[in-house]
Structure formats: C-alpha cells, structure tokens
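Only one structure is covered here, and it is reproduced in the block below.
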Amino acid sequence: MSSPASTSPSESTVSKDLATPRWLEPFALLGPAGIWLGLMLVIPALLIFELSLVPGIRPGEVVNPSGLENYFQIFREDVYRQVVWRSLGFALGTTAICLALGFPVAYFIAQMVPKKWRNLVLVGFVLPLWTSSLLRSYAWITILRPTGVLNSFLTSLGLPALDILNRPPAVFIGMSYSLLPYMVLILYASLEKLDRRLLEAAADLGANPLQSFWKVTVPQSLPGIAAGCLLVFITGLGDFIDPELLGGASSMTMARLIYNQFLGVTRNWGFGSALSMMIVLAVSLAIALLLKYGDRSSANL
Amino acid sequence: MTPSKSSKFPFTWQAGFTALMFGFMYLPIVVLAVFSFNESPYSAGWKGFTWKWYEKFFSDSRILSALADSLTIAFLAVAIAAVIGTLMAVGLSRYRFPGKSLYQGVAFLPLIIPDISIAVATLVFLASIAIPLSGGLIQLSLGTVVAAHVVFCISYIALVVSTRLGNINPNLEEAALDLGATPVQAFVKVLLPELAPAIISGCLLAFVLSMDDFLISSFTAGGGTNTLPMEIFSRIRTGVKPDINALSVVLILASGLIFGAAEYIRYRSEQKRMSKP
Amino acid sequence: MSSRFVSRYSRRQFLKTSLAALSSTSLAGCGWTLAEVRSDRPQTSNSNELRIYTWSNYIDETLLKEFTAQTGVRVIADTYDSNDVMLATFQAGKGVAYSVVYPSDYAIAKMLDLKLLAALDKSRISGLENILGKFQNSIYDPGNRHHVPVSWGTTGLIYNSEKLNPAPEDWDYLWQNRNTLSRKMTLLSEPREVLGASLRAQGFSYNTTNPAELRKAYEKLADLKPAIATFTTDAWRDQLLAGDLLLAMGYSIDGVLVAQENPNMKYVVPKSGSSLWTDAMVIPKTAPNPEAAYAWINYMLQPAVAAQVTERLFFATPNQAAFDQLSTDLRDNQALFPPDSVVERCENLKPLPQKSEELIEKYWTKLTSS
C-alpha cells in the first residue's frame, strides 16, 4: 500500500481550478468515504476498545470501563490460553501447508508453463475461490464424514477408515483448501519476475538444482513468500467458518469464541470485545514484524 | 486439462504435483456436483440418478428469498462503494494533507482486519449508539447490512482504482483543464473512462466478497433479513438435504459465467488499449 | 521527506486526540447503556406478513402455507437451535422483526426478566380451555399471562439399536461405553440440559444452585469431552440416520421423528431422570404485527390443526381436544407422550439466580473450549 501521492499531479492541477472554490474539491472527493468510514469503522473500533475494558458486561447494562480485567482473564485461565494457542496453531500450520503445497504449483505455472497458457492455468487454479466459502466447507464435510466419500473409497480398497471430521485435521484441510489459491496467486506474481539468467549462471558455475533453488530461487522470491505467508496467516487467524463447521467440539478458536460471546450461547460482550482486540493486535503484530524484518519490497505488496 | 499430457509441457515432478493440486482444488466441487444427482439423501454411495433436488431447490422459497436479499445487498453496497471509493482513491492520489496516512490507514484497514472483529464492532455500534440515538428509527435490517458491506467494498474498490491511477497519464486531465473544461467535466470525460476498467474489476471483486460474506451479515442483519450465506450456514447446522448440493452447483455455474464474462471484458479492453498507438 | 514528516506528525496528533477522546468518554463515569432492547417504538411492518422465530422442527412449508390459505397472512419463519441463541438475538437488537417466538420454560422466565414479553390479551385467544390443566399455570409465569404452551416432552438419548447392545438405559451409559461411542455421539448445545444431565447422573437436581455440585457436573463432562463429536441440537439427525453417529442426546419429539424414518433408532428417557420441558408461544413487546401473532396462536390452538401438526411434525401437544383426535398409534407412543411413571422421575428446568447462571455459562465455555 504505497502512497500514490508521489505520482500525482497534485498542487498544479488544483491551482488551475478557478470555477469552484478550491477547498470544495478535496472535501467532495474525500468527504463521503471519510464520513462513512468514520461512522462505520472508526467509532465502532473505539467502542469495542472501550467495551473491552468492562468485565462481564451484557447487553442492557451500563458501560463503565474499569480496567484490563477481560484481558487478564484471557491469559489467566488455562482454557482461554489454550484457545489462543490453538488459533495461532491453526493459522501457522495452515500457512506452512499452503507454502509447501503452493510453492511448487506457483513455480510450475510461472516458470514451466508456456507463456500463452500461463494465465489460463493460473485462472483455472484459483477459480474455486469464486464459489461460496460455506459451500466449500460443506463439501469437505461430505468428503470427510465417517461414512463419507473418503472413507467409502478407503474401505473399498480394503484400507481402514479414517476419523477426521470434527477433529483438528479437518480444520487444517478446510483452511488450507480455502487459502491455497491466495498463496499461489501471490507466489506466482513474485516467481514470474524471477531472473532466469541467474539460474543459468548458477548452473554454469556448477550448482546442482537443489543448490540453485536454495541460493537463487528462494532469496529472489522471498518478498512473495513473506507476503503470501502473512496473508494466509492473518486470514487463517480470523477464519470462523472452517473451524466451526469442520472442527466440531474439538477446535474452539478465538473467532468462534468471539461469535459465541455475541450471538451464541454465552453473552459476555466485554470479554468478546477483549478477544476481538486480541485478534486485531495479533494481526497488527504479524504485519509489523513483516515490515520490520521483511524485505522492503514485500511491504509494497 | 492435464498439463502433463501436452507435449509442450516437460513432464517433471512439478507438473505431476500441480496436476495433483488441481485435483485437490476441484475435488469438493466435483463431489457436490455428483451428489446433487444422487437419489439417496444420506448415503455416500450412489443410489441412482435424480433431478428431484434441483426441483426442490427451485421451488424452495426460503433459498430464493435469501438469494434475493443477498443480491440486493451486494448491488446496493457495491453501487455506493463504487462512487465514494473511486472519489476517495482519486482524492488520495491528488492531495497531501495532515493526517493523510491516518486516513489511508483507516481506508485500507478492512483489507487486513479479520471479518469477525469488524462484525462485532459494527454490531456494538449499531446496537448501542445508532439504534438508541435514532429513537428506534434505525433498526438492524437489510439497510444496516448494506452500510456495513459498503465499508469493506470501499477498501477493495479503492485499492484496485489506486493501482490504476498510478499508471495513467496525469497530463491528460490537466490538458482538459487547460482547454477550458470544468473540473467536473474533466473528471467525468477524461479521468473516468480511463479508470472504468479498474472500477469495474474492483466492483466485481467487491460484489463477490459481499455475496460470500457470512460474519458481517449475520451480525448486522435484523431478524427477517436472511442472506444466502446465512441460510446455507443455518441449513448446515440443522442438517442438510442434497438440495444444498443443487444450490452449490447452480451457484458455481453462475459465478463461473460471471467470471468468464469479466475476464472476457478485461481481455477485450486490454486488446483495445494495446491496439491504440 | 516531507510526506514522512507529515505522516509522523499526524500519527502523533492522532494518538493524542484519540487518547483524549477515549479518556473523556471512559472517565466520564456515567457511561452509556449497552444495547438496551427498546420497546417504545415497535417496528411497523407489512400487515400481511408475519415473522416467527422458532425451533427448526416446529414448522414446515405445509404448515405455513395452510396458515396463509386460511388467513391471507404470509409467514416467514426463522429458526434457532438453542434458547440462549434466541435470547442473544433479542439482546443484540436483532429480534424486533418477530411477532411470535417459541421459548422453553426457563427461557420464558429470562425473557420476562428482561421485560421482552407482552402480556397476552386472553380475550383475543380462543381454545385455551383445551390445554391440559397441568400446563395452565406455570411456576415462572403465574396464570400463563404471557405464554401459550404448544408442545412438551422429555430429554433423552436416541440411539442406533442395531449397533448398540446392550441398549443405553441411563446417563451412565455414556461414560461406561465411551470407547464404543467415542466420537460417535453428540450432546445438545444447550448448557442447562447438558450440565443437568451430568448433575442428574450423579444424583443431583437439574436446578441445583450448589457450586460444588455444578463443579462436579462440569468435571464429569470434561472427562467425557474427548469422546464427544460435537454439541448440536439438530445436525445429529441426519448423521445418526446416515450411520455416522451411534447415539445422540436429544429431545423426545426428535427421537420420534428419527424413529419414523428408521425404526432401528430408539429413544430412551434415562432411568435416573431427565428434564421435562414445555415450549410455548409468546408475543414480544416489540412485535411489529400483533394482529397476525394472535391469528397464529389461535390457528395453532385449533384442535384439528394441533392434531395434524402432531401427526406430521410430532409435537407432543398439551391440547386435550387435539390429543383426542390423534391416531391410537401416536397416542400410545410412549416416547412422544411419556407415561406418568416416566414424567415423575423428570424435572422441570427452573429459572436460576444470576450467580448460578454465570457459573453455568463459565463451565459451558470451558467445556466447549478445551
């Protein structure tokens, strides 16, 4: 998200404008969005922050901020700590899986598919993204059920049936499936620009394919890897649908817990707000880490 | 299309792996499609071919009204966001002002903040500020869902438009102004046509995201507003019959068609642009 | 350079102003009221439309269509799967569109506490005299001033009798056979019911307020947790029929429903006792269309309609006139209409003091989050 300001004509255009008052234009351009975002995003965010400072509040009670009790509660009680770790685990695990599965695919499409086919293959790969995410999760229920497609297939081969649905592996499968296309898209953008001459040079200098992969390909695509991982991580951390539908009783995550505090069985809005702030904090932290330690160019993605 | 079969593709392990991943991506869709024709509602085994789930789906008024709600929300939210998002992108590219980076940060925040956090914040705001302040005039309804969807639609549309703004020739608009056009004329006649492809693809992206959104809708909708994802979610929770499979096949075909059309438009406009001197 | 300066300046400025704004709102002390449900201005809606909020197995297309045919009012039904979810909907201000809701007994008490319910105008309701005497005067709503009972039943276990041998007879079965049942059983997603079952299995009351007993109930459930596939009110039906599950905790009317599709599925009320529930129709204060709401209640009270619905959707009707019209088969169905010997060992869920409610919520979150 680099600022486009540097490329704009800026002041010179404005000064030529004589017909309408100069100050009106910026307000006309930036005002509507500013008001909308202020009302529907900034004020709500501040409200949630204030609400997170009220322990145990339910709808209908008076908001009287009294401290960080809600946040302490997240870290004091084992079960909530467990939920936080589980959410991070799901997000990190999914990131690793997506990277491992996505890199070869992106590399193949970017480097080995003839140029005129490239776009078609890439679009074909990410096409399932355009279908409803709920229906994709639902399809995985059909596949992973104890008497589902996978187990029918396995038993017909004489293999033992697998118990996957309603357990963490199902969540990993569902989340990786949902996020793999994003990873491939971003890696592709970065691998497409790979300088092949460097690879050839490495080969000329006697490097075996593995060496040139680690010494040439990986460093060059590092910004893409970092950006892809970040995107998958933050989307995975906030994912509600896959853990909810595929995880059963075994996989309460932060997003599910927040949902339950507001629209579910327990109604503790203050605690839900604190959890929501924690997710935002974790996402911001991930982005800050990338900006600090990641490559400069990856920040521009 | 298996890449490995064509002689143009060298067969490597990457090709095999990619083919495998293609299978992974399409497996759930194929499964849904196959089961939408399966006679038995429960079994994973094949019990005979039937159209009955499609008949059931097309006569199911709940699903159809949910679809209508979803489409209304998506169209309204995208239309509003297209206007103010484009204005914002242009404004951001033109001016420097104190607090600009803050404004920008807020504008693109919905791209990174998880849906659940946005949903929760919007619900709290609507339930404890907007509804009481308006004396009950504002209620959670279809309108509040639209208002909430506009927020993330603005971000996506502005993002796509900003990228395009960085690539177009700033002198064109200036030339128009020099030739005596008013700023509004210059904006509408010169800048807007240049931006049109970007606005359209931004809208398309926002439209798909709005149609697919479950969390923000279910937090900001009042009873009685039921979007398609909300309906699907509640059906999955209460146990589904294969008419949901039929629905997914129809939806997949529809989004495939929209996507194809969008790609075609993009391709044509690029060809046109390339053919220009 | 300059833009960087501007951004840094603005960031600091923003921090300052936002901190000031925050502290002024938070230190003001008086604060604002969080999402109060307001009933002063009911939403007006199309008078030809009635929205009801109910359990998924209480309605079907036929019922809605027949009502429309008789009254000309179009009905739209939304469903919930737990009393607490229904309450959450109302507390978040999302319930203002509904004119009829179907809470269970203790949830009626909670809704009364929250002042959500309108007192019923009995002169506009006909057929109330057909309701059995024992449902005429509830402890949580004296004189049934706010509700009309529509269905009642027990909570129990529904199991696949082909695969489970010996058959379950009591709650203890779940713990004793957890290896066979592992990940092939579900419990309800209703905190009071699930904790209550565990309480009852240990000889305590469903309505205990004793924290030590509640803790024991939680601990016993936590012990069973790894064997539970999921907590659900509805989704088990298809999974049980498809063979994915061997046993599910569920309501008697669901048990009868599933047994109709596959006679191998059996319903049992645990020996050591279970809960006895009543679901009722209520009209919220915010109801946009009370006219149609009364019409709906009157419609459901018609003995012929109540009997039809019982035959088709397996309501256990508390309506004596409707009961008399049922086929003998259904009247003798002990799962649907349990004999007095079974009713005697069951308990009604009573409203609990706030403290116990909070404890139950805490244990429920722990149970579902671990």
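Values quoted throughout were computed directly from the atomic coordinates according to the rules given, and no laboratory measurement underlies them. Predicted model only: the values in this text are computed from it and were never measured. Here the Cβ is made from the backbone with ideal geometry for all residues, glycine too, and neighbour counts use every protein chain on show.
One table, with the values for the structure above:
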quantity: Tail beyond 20 Å, pair distance distribution of segment B:162-221 (Cα, percent); calculated: 46 percent
quantity: For residue A:54, residues with placed amide H under 5 Å, excluding near neighbours; calculated: A:66
quantity: Total charge dipole magnitude, segment A:77-299, about the Cα centre, Cβ charges on Lys, Arg, Asp, Glu only, Debye to nearest 20; calculated: 320 debye
quantity: Shielding of A:148-160 by partner chains, average beta-carbon count, 10 Å; calculated: 2
quantity: Aspartates and glutamates whose Cα lies under 15 Å from that of residue B:189, excluding same-chain neighbours fewer than 8 positions away; calculated: B:173, B:174, B:178
quantity: Given charges at beta-carbon only (K, R positive; D, E negative), |dipole| of the protein assembly as shown in Debye; calculated: 2800 debye
quantity: Measure of compaction for segment B:126-230 (Cα Rg per 2.2 N^0.38 Å); calculated: 1.47
quantity: Backbone N within segment B:122-164 under 18 Å of label point (7 Å from residue B:75 Cα along the Cβ vector); calculated: B:142-147, B:149-150
quantity: Neighbourhood charge, 13 Å Cβ-Cβ cut-off, centred on residue B:250 and excluding it, Lys, Arg +1 and Asp, Glu -1; calculated: -2
quantity: Approximate shape of segment C:143-194 as ellipsoid semi-axes (Cα gyration tensor, √5λ), whole Å, largest first; calculated: 31, 13, 9
quantity: Part-to-part distance (alpha-carbon centres) for segment C:83-133 and segment C:303-367, which is given in Å; calculated: 17 Å
quantity: Relative packing of C:316-326, A:226-236, which averages over residues the other C-beta atoms within 10 Å, highest first; calculated: A:226-236, C:316-326
quantity: Cut-off 11 Å between beta-carbons: net charge of the residues surrounding residue A:164, Lys and Arg +1, Asp and Glu -1; calculated: +2
quantity: C-alpha long axis of helix B:13-35 to longest principal axis of chain B, angle in °; calculated: 70 degrees
quantity: Dipole-positive endmost among B:138, B:210, B:78 within segment B:59-238 (Cβ charges, Cα centre); calculated: B:138
quantity: Ellipticity estimate at 222 nm from DSSP helix runs (n ≥ 4, -39,500 (n - 2.57)) divided over the protein assembly as shown, nearest 500; calculated: -18000 deg cm²/dmol
quantity: Stokes-Einstein D in µm²/s, Kirkwood radius over Cα pairs - segment C:53-137 at 10 °C with 1.306 mPa s viscosity; calculated: 108 µm²/s
quantity: Range of Cα positions in chain C per principal axis (Å), largest first; calculated: 86, 54, 40
quantity: Angle in degrees between helix B:115-125 and the longest Cα principal axis of chain B, rounded to the nearest 10; calculated: 70 degrees
quantity: Cβ-Cβ FRET estimate between residue B:194 and residue A:288, R0 fixed at 45 Å, reported to 0.05; calculated: 0.80
quantity: Most fluctuating residue given options C:341, C:151, C:161, as computed from a GNM of chain C linking Cα atoms under 10 Å; calculated: C:341
quantity: Calculated P(r) of segment C:73-113 - Cα pairs past 16 Å, %; calculated: 33 percent
quantity: Farthest positive-ward along chain A dipole, Cα basis, beta-carbon charges - from A:233, A:209, A:84; calculated: A:209
quantity: Length-normalised contact order of segment B:59-238 in % [C-alpha pairs under 8 Å, at least 6 apart]; calculated: 41 percent
quantity: Charge dipole of the protein assembly as shown about the Cα centre (unit charges at C-beta), most positive-ward option of C:55, B:155, C:365; calculated: B:155
quantity: √(5λ) per eigenvalue of the Cα gyration tensor, chain A, largest first, Å; calculated: 37, 35, 19
quantity: Measure of compaction for segment B:59-238 (Cα Rg per 2.2 N^0.38 Å); calculated: 1.19
quantity: Reachable aspartates and glutamates, given that their alpha-carbon falls under 16 Å from the alpha-carbon of residue A:215 and they are not under 8 places away in the same chain; calculated: A:195, A:200, A:204
quantity: Using distinct alpha-carbon pairs, which all enter the 1/r mean, Kirkwood radius of segment A:73-116 in Å; calculated: 12.9 Å
quantity: Förster radius 60 Å - calculated FRET efficiency between residue A:116 and residue C:61, Cβ distance, rounded to 0.05; calculated: 0.70
quantity: Which listed pairs, of B:52/C:184; C:271/C:350; C:110/C:216; C:122/C:350; C:216/C:355, have C-alpha distances above 19 Å, in listed order; calculated: B:52/C:184; C:271/C:350; C:110/C:216; C:122/C:350
quantity: P(r) of the protein assembly as shown over all Cα-Cα pairs, binned every 10 Å from zero, in whole percent; calculated: 2, 11, 20, 24, 20, 13, 7, 3, 1, 0
quantity: Net charge of Cβ neighbours under 15 Å - reference residue C:324; Lys, Arg +1; Asp, Glu -1; calculated: -3
quantity: Segment B:59-238, dipole about Cα centre (Lys/Arg Cβ +1, Asp/Glu Cβ -1), debye to the nearest 20; calculated: 220 debye
quantity: Selection of chymotrypsin sites (Phe, Trp or Tyr not before Pro), segment B:190-233, meeting DSSP coil and at most 14 other Cβ within 10 Å; calculated: none
quantity: Nitroxide proxy distance, nm - points 7 Å out along Cα→Cβ at residue A:28 and residue A:193; calculated: 3.7 nm
quantity: Virtual spin-label span in nm between residue B:83 and residue B:134, 7 Å along Cα→Cβ; calculated: 1.8 nm
